[in-house]
Amino acid sequence: MAAVPWDPFDAIEGDTRAMVTDPRWAEVPAGTQVQAMAARLLATADGGCWLYGAHARWYRHDRADGRWHLSAPPASPEVRAAARPAHPAPVIPEELLPAAADFARERGSTQAFVGPDVPESVVEGVRELLDRQRAAKEEHPFVVGPLRELFYSDVTAGVAAVWGTVMWCSYAPAFDGNEVLLSMFGEFLARPLPGDDWVRWLPPTSLDALVALYHEQLCRRAQGAALRLAGLVADTARALLPDPRFAPRAHALISMIEPLRARPWLDHPAWDAAAIRQAWLERCPARLRSAVLFETSPGDHFRHSLYDLVEALSYLAGRGADPRAVAASLLAADVAGVAPQAAARLYPWLDAELRQTYYVALSRPGHPLRDCWPREGEPPDPVRPPDRASAAAVLGAGYATGLAWCRLAGVEPPARGFPVSAATVSCLMHERDDPRPAVPESPGESLRHS
């Protein structure tokens, strides 16, 4: 049996995790932590210098601007195996030092909800909460805030709270058109969901939308109703926990809301919705804050989503392709197909290498990078995912990246999906879980971005 080659990147990850999760690490002065991390830098043959730091992710040093950029590490086994300690070591900013909280939670899954269905236990947990809202309709207020236009006028805030929680907790809210978790809301929705018969391409729900339901009742001095709605949000998030596509954000939402059950006066000093939103986010513990980056730092969220896409494309290393270059090319394909006028707005958020690849793919129609772009609604064979799990991950990470750059550039997400994500669906059409009834259509327009 052949020996497994030693991988310096894996070794540094394991060594750093052991060092940083030691309780004594938090008491080590920052200067000493910097020295310890400098001894764990890696250099690759292309001149790259790599740091495994904050958020338990890799950063690459740019010699041109002297900055560290969030960057998925090399995927090629040969490149990784040839890495050596970096000498001399570039300066490491203290904000990139890892903390124990960075290793304290699972990152979750980047898969979309196409292919693998939502587990039946999760669906039934949400259905039970929704049935309670249907049975107690007369006891609850109507929908207010950003979610109001999605539902019929007689739908209660409780129904909207369950829906909004499902959407807020979704890493990438692209759902199979047969997904039961969506179909159970069909009787309440005042307009058809965006997408087609195969996939519902849903816009992200903001924390503002959930806060608005709660804040409206506080304004009416109906604290009991407000706390019931907040509790319903937490209960829905708890029902979603078993599915790793929901789990990270569900844990974060529970941590923000659950303290209200023991101390219902917590939000009293926050007199408006914006202040309540901030109070909720401040209650999110450090170990879960990366799950709410899309609320707190859209630019960093875009970078992390693109990192996820590179990792989802890691299977390409076995085909001799660079997942980072392909990810930049696919980003260019989506931007060119949806909002080419917004292309330049993303340059400041890309490191020099990705920025150059993205620029070339956008500006040179005959360049080989264009060979990665979808053709006639399907991914070309060289980048086609090898199996269902890989396809679902590329679909999810690609859709999350699309939503992230749209928010960053002030662009409305496309109702029928981004070109790359839509093409990836063709890899899953015949590998979905058991067919289920389609989502009922209601008269009206497509959902608006909430």
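The values are calculated or read from the model by the stated rules, or taken from the named source; none is laboratory data. Here the structure is a predicted model, which is why all the values come from computation and not from measurement. Note that each Cβ is placed from the backbone with ideal geometry, even for glycine, and that neighbours are counted across all protein chains shown.
Quick one: would you say Val79 is crowded, with 16+ Cβ neighbours inside 10 Å and in contact with a Pro (Cβ under 8 Å, 6 or more places away or on another chain)? It is false that Val79 is crowded, with 16+ Cβ neighbours inside 10 Å and in contact with a Pro (Cβ under 8 Å, 6 or more places away or on another chain). Considering the stretch 45-60, the residues that are farther than 19 Å from Phe103 by Cβ and modelled with pLDDT of 95 or more include one that is surrounded by the fewest Cβ atoms within 10 Å (Cβ to Cβ), namely Cys49. One residue stands out among those in the stretch 267-278 that are surrounded by fewer than 16 Cβ atoms within 10 Å (Cβ to Cβ) and not in a helix (DSSP H, G or I): the one that is modelled with the lowest pLDDT, which is Trp271. Residue check: Arg245 meets all listed conditions (1) touching a helix residue (DSSP H, G or I) at 6+ places or on another chain (Cβ under 6 Å); (2) buried (at least 21 other Cβ atoms within 10 Å of the Cβ); (3) not aromatic (Phe, Trp, Tyr); (4) not in a helix (DSSP H, G or I) but one, namely (1). Exactly one of these conditions fails for Asp371: (1) at pLDDT 95 or above; (2) touching a Lys or Arg at 6+ places or on another chain (Cβ under 6 Å). Give me its number. Answer for Asp371: the failing condition is (2). Do we find a residue being without any contact (Cβ under 8 Å) to a residue 12 or more places away in the chain and surrounded by fewer than 21 Cβ atoms within 10 Å (Cβ to Cβ) anywhere in the stretch 313-327? Scanning the stretch 313-327, I find at least one residue that is without any contact (Cβ under 8 Å) to a residue 12 or more places away in the chain and surrounded by fewer than 21 Cβ atoms within 10 Å (Cβ to Cβ), so the answer is yes. Here the stretch 1-24 is the region considered, the condition is being touching a residue at least 60 places away in the same chain (Cβ under 8 Å) and crowded, with 17+ Cβ neighbours inside 10 Å, and the residue that is nearest to Ala81 (Cα to Cα) is Pro8.
The single residue among Leu288, Leu306, Leu330, Leu281 that is hydrophobic (A, V, I, L, M, F, W, C), part of a helix (DSSP H, G or I), out of contact with any Cys (no Cβ under 9 Å at 6 or more places or on another chain) and within 25 Å of Ala415 (Cα to Cα) turns out to be Leu306. When residues in the stretch 359-405 are screened for being touching a helix residue (DSSP H, G or I) at 6+ places or on another chain (Cβ under 7 Å) and under 18 Å from His301 (Cα atoms), 11 of them pass. Gln133 fulfils the conditions (1) surrounded by 20 or more Cβ atoms within 10 Å (Cβ to Cβ); (2) not assigned by TED's automatic domain parsing to the domain that holds Leu232; (3) not aliphatic (A, V, I, L, M) except for a single criterion, (2). Taken as a whole, the structure places Pro194 among residues that are out of contact with any helix residue (DSSP H, G or I) (no Cβ under 7 Å at 6 or more places or on another chain) and over 24 Å from Pro248 (Cα atoms). Among what's in the stretch 156-192 and is small (Gly, Ala, Ser) and buried (at least 21 other Cβ atoms within 10 Å of the Cβ), pick the residue that is farthest from Val233 (Cα to Cα). This residue is Ala174.
Yes/no matrix, rows are residues, columns are (1) outside the structural domain of Leu309 (by TED's automatic domain parsing); (2) part of a loop (DSSP other than H, G, I, E, B); (3) of a type outside the set (A, V, I, L, M):
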| position | (1), (2), (3) |
| --- | --- |
| Ser109 | yes, yes, yes |
| Val126 | yes, no, no |
| Asp154 | yes, yes, yes |
| Ala160 | yes, no, no |
| Trp168 | yes, no, yes |
| Glu187 | yes, yes, yes |
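Would you confirm, using the coordinates I've provided, whether Leu253 is outside the structural domain of Ala327 (by TED's automatic domain parsing), more than 30 Å from Ala423 (Cβ to Cβ) and buried (at least 21 other Cβ atoms within 10 Å of the Cβ)? Criteria met by Leu253. Just one of the numbered conditions (1) modelled with pLDDT under 95; (2) of a type outside the set (Asp, Glu); (3) crowded, with 20+ Cβ neighbours inside 10 Å; (4) in contact with a Gly (Cβ under 8 Å, 6 or more places away or on another chain) is not true of Arg261: (3).
Restricting the search to the stretch 132-151, which residues are within 29 Å of the chain's Cα centre (by Cα) and either at pLDDT 95 or above or on the phi < 0 side of the Ramachandran plot (or both)? Gln133, Val143, Val144, Pro146, Leu147, Arg148, Glu149, Leu150, Phe151, listed by residue number.
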